[in-house]
Structures are given as structure tokens and as C-alpha cells.
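Q: So that we are looking at the same thing, I have put the structure below in C-alpha cells.
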Amino acid sequence: MHYEEFKKIVKRTYVVLSLFFGLLLIIAGGLVYEMLYPSFLITETDQDIVYEPIENLEVIGKNDIKNGIHEPTGFVDANGLEQVVINCTPCHSAKLVTQNRATREGWIGIIRWMQETQNLWDLGANEAVIVDYLATHYAPENKGRRELLNNIEWYDLKDK
Ligand code: HEC
């Protein structure tokens with residue numbers, strides 16, 4: 001074999017091998033990147049997320065209620081708690097609910113607003129239970145400030 005011919009073959013083999021390993025490196029790099037940042041191939045937007053109420057699930061655990069409060073959410077333990085936890089916590093924090101106060105009509109208004117603009121589902125027969133619960137336990141507080149002090153036994157400050 002001619003020396004020049006041999007050189008050519010070596011060169012060609014070198015190029016092919018370089019391309020092969022180069023490609024392999026790119027694929028391996030891509031795989032590692034996908035492992036580290038799995039979200040980079042996902043093009044899902046927020047609008048694709050469909051919230052659904054959870055049904056047939058034991059939502060209130062035995063040890064969740066402490067001092068009349070459902071600890072995981074902060075809701076008052078009362079009739080309707082389960083329906084409220086199922087229907088009012090999938091989209092936002094329960095705090096958004098418990099920090100609000102409204103009358104019956106007010107709560108219905110908030111629910112209608114969420115149904116019209118935030119994809120809240122039809123609450124069906126649960127609506128009455130939920131509205132009762134909210135209007136009872138998250139009603140407007142009439143006493144905006146503490147009551148005036150009375151029946152206080154004042155004492156004289158003594159001079160030294
Ligand atoms: C499908 C999703 C969804 C569900 C389920 C849902 N909400 Fe909402 N709710 C929203 C969105 C979105 C907002 C606006 C959040 C924000 O402003 O950050 C909101 C806001 C609120 C607010 C604040 C309103 C205001 O004027 O600031 C209250 C109170 C509320 N929700 C109560 C409830 C109650 C009670 C339920 C159960 C009957 C419920 N939500 C269930 C989506 C939902």
C-alpha cells in the first residue's frame with residue numbers, strides 16, 4: 001500500500017470517528033440536560049391545567065382537627081368542612097378564604113365571580129352547604145374594635 005493512500009484512509013477514518021463521537025457527545029449532553037432540567041421539553045402553559053374537585057377521598061384525616069380547627073387548612077371544624085376543603089382549596093390557599101368575611105350574598109357573589117372568571121365549577125348540591133358554612137363561620141365581624149373598658153378598678157399611682 002502506498003504511503004499517501006494509507007495517510008488518506010487514516011485521515012478519513014479520523015474524520016468519521018470524530019463526527020461519530022461528536023454526535024454521541026451532543027446526544028449524551030442533551031440527555032444529561034434533560035435529566036437535570038426535565039421541564040425544558042415541556043411546553044405546557046398554565047391554561048392547560050384543569051383543576052378538578054377531589055371526590056371519594058377521605059379528605060379530613062382523623063388527627064387533622066385540633067381545637068376545633070382543621071389544621072392543614074385552618075378552616076373551622078363544622079358542618080360543611082369537607083365540602084369546603086374539597087371545593088375551595090384546589091386553586092388557592094385556604095387562607096384566601098379564611099381571611100375573608102362576607103354575608104351569605106357576599107359569599108355567593110364571590111363564588112359566582114370565580115365561576116364566571118376563574119373556572120370554578122358548578123358546586124351543585126354542595127353549594128348550599130358551602131354557602132351556609134361560610135356565611136356562618138366567616139361572617140362579617142360586627143365588632144370592628146374591642147369594646148370599651150368598663151368595671152375597671154383603677155388604682156392610684158403612688159409617689160415614691
Ligand atoms: C377553579 C379555581 C378556584 C376554585 C376551585 C376556587 N377559587 Fe377562589 N379564587 C380563584 C382565583 C383564581 C382567585 C383570585 C386569586 C387571586 O386574586 O390571587 C380566587 C379568589 C378568591 C377569593 C378572594 C376574592 C377577592 O375578592 O379577593 C376568595 C374569598 C375565594 N376565592 C374563595 C373561594 C371559595 C369559598 C371557594 C370554594 C367555593 C373557592 N374560592 C374556590 C379560583 C378558585
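The values are calculated or read from the model by the stated rules, or taken from the named source; none is laboratory data. On a predicted model such as this, the values are computed, not experimentally measured, just so you know. Counting neighbours? That spans all protein chains shown, and the Cβs are built from the backbone with ideal geometry, glycine included. For accessibility, only protein heavy atoms count, side chains too; no ligands or nucleic acids. Shrake-Rupley method; radii C 1.70, N 1.55, O 1.52, S 1.80 Å.
Q: Among the residues of the range 114-134, which ones are surrounded by fewer than 17 Cβ atoms within 10 Å (Cβ to Cβ) and more than 9 Å from the ligand (Cβ to nearest atom)?
A: Of everything in the range 114-134, those that are surrounded by fewer than 17 Cβ atoms within 10 Å (Cβ to Cβ) and more than 9 Å from the ligand (Cβ to nearest atom) turn out to be Glu116, Asp122, Gly124, Ala125, Ala128, Asp132.
Q: Going through the range 76-86 one residue at a time, which ones are open to solvent by less than 20 Å² (accessible area, probe 1.4 Å) and out of contact with any helix residue (DSSP H, G or I) (no Cβ under 6 Å at 6 or more places or on another chain)?
A: Step one: filter the range 76-86 for residues open to solvent by less than 20 Å² (accessible area, probe 1.4 Å), giving 80-81, 84-85.
Those that are open to solvent by less than 20 Å² (accessible area, probe 1.4 Å) and out of contact with any helix residue (DSSP H, G or I) (no Cβ under 6 Å at 6 or more places or on another chain): Leu81, Val85.
Q: Just a yes or no: is a residue in the range 135-143 more than 9 Å from the ligand (Cβ to nearest atom), of a type in the set (A, V, I, L, M), part of a helix (DSSP H, G or I) and touching a strand residue (DSSP E or B) at 6+ places or on another chain (Cβ under 7 Å)? Before you say what the answer is, go through the steps one by one.
A: As a first pass, look at the range 135-143 and keep what is more than 9 Å from the ligand (Cβ to nearest atom): 135-137, 139-143.
From the residues that got through so far, the ones that are of a type in the set (A, V, I, L, M) too are 135, 139.
Keeping just the survivors that are part of a helix (DSSP H, G or I) gives 135.
The next check asks that each one be touching a strand residue (DSSP E or B) at 6+ places or on another chain (Cβ under 7 Å); those that pass are none.
No, the range 135-143 contains no residue that is more than 9 Å from the ligand (Cβ to nearest atom), of a type in the set (A, V, I, L, M), part of a helix (DSSP H, G or I) and touching a strand residue (DSSP E or B) at 6+ places or on another chain (Cβ under 7 Å).
Q: Return yes or no: is Ala125 modelled with pLDDT of 95 or more and of a type in the set (Gly, Ala, Ser)?
A: Numbers: modelled with pLDDT of 95 or more: no; of a type in the set (Gly, Ala, Ser): yes.
So Ala125 fails the test.
Q: In addition: Of all residues in the range 90-113, which are within 8 Å of the ligand (Cβ to nearest atom), open to solvent by 30 Å² or more (accessible area, probe 1.4 Å) and in contact (Cβ under 8 Å) with a residue 40 or more places away in the chain?
A: Passing the criteria: only Cys91.
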